[in-house]
Amino acid sequence: MIKKIRRKIKKVFRELLLYHHSSLEYRAKVLTLVVGVNQEIRPCEKELLYAIACEIYDNDEERAEILVEAVMEYFDKIISDNGLNFDHLVFQIEKETKAVKRFSDKINIDALNKFQSCIDNEEDRVYQQRVIAYLASLKEKYGSV
C-alpha cells in the first residue's frame with residue numbers, strides 16, 4: 001500500500017522527486033516511439049517493456065515501473081490526441097538528442113529490436129524497423145565521439 005502511494009506521488013511530482021528525471025523522460029519517449037507504431041500496446045509489448053525497464057535500471061523495480069508508466073502516459077497522449085502526436089514526439093526526441101549529446105547513449109538499438117517479435121502485421125513491422133533505423137541514425141549522428 002505504501003509502495004503504491006509512493007509511486008503515485010513520484011508520478012505526479014516526477015520532475016521534482018526523481019533523480020535524473022530528464023533521462024527517464026527521454027527513455028520513455030524513445031520507447032513510446034517504438035512501441036506506439038501500431039497504435040496499441042499489446043501484452044507482449046507490455047511484458048517486454050517492463051523487462052527492458054528492469055534491465056535499464058538494474059532491477060530497481062520502482063524506477064522501472066515509473067518508466068513504464070511514463071511510456072503509457074506518452075502513449076495515451078498520442079492516442080487521445082492530447083497535445084502530442086507521433087510526429088511531434090519524433091521532433092522532441094531529435095531536439096533533445098541534439099541538445100543533450102549524452103542522451104544518444106540511452107538509445108539501445110538491441111533492446112528496441114526486441115519489440116519486433118511482438119508485431120504480427122508486416123506493414124507495422126517495417127514501419128517499426130524504420131523508426132528504429134531513424135533512432136540509430138540519431139545515435140550515430142549525435143553520439144559521443
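The values are calculated or read from the model by the stated rules, or taken from the named source; none is laboratory data. Since the model is a prediction, treat every value here as computed from it, not as a measurement. Cβ coordinates were reconstructed from backbone atoms using ideal geometry, including for glycine residues, and neighbour counts include every protein chain displayed. Surface areas here come from the heavy atoms of the whole protein model, side chains and all, with no ligands, DNA or RNA. Shrake-Rupley method; radii C 1.70, N 1.55, O 1.52, S 1.80 Å.
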Which residues, counting only those in region 78-91, are in contact with a helix residue (DSSP H, G or I) (Cβ under 9 Å, 6 or more places away or on another chain) and open to solvent by 50 Å² or more (accessible area, probe 1.4 Å)? ILE79, ASN82, GLY83, ASN85, HIS88
Being more than 17 Å from LYS139 (Cα to Cα) and in a loop (DSSP other than H, G, I, E, B) is true for just one of ASP81, ASP124. Which residue is that? ASP81
Residues that are assigned to a helix (DSSP H, G or I), of a type in the set (Val, Ile, Thr), open to solvent by less than 30 Å² (accessible area, probe 1.4 Å) and touching a Phe, Trp or Tyr at 6+ places or on another chain (Cβ under 6 Å): does region 58-68 have at least one? yes
Among the residues of region 92-121 satisfying the criterion of being part of a loop (DSSP other than H, G, I, E, B) and out of contact with any helix residue (DSSP H, G or I) (no Cβ under 7 Å at 6 or more places or on another chain), which is modelled with the lowest pLDDT? ASP120
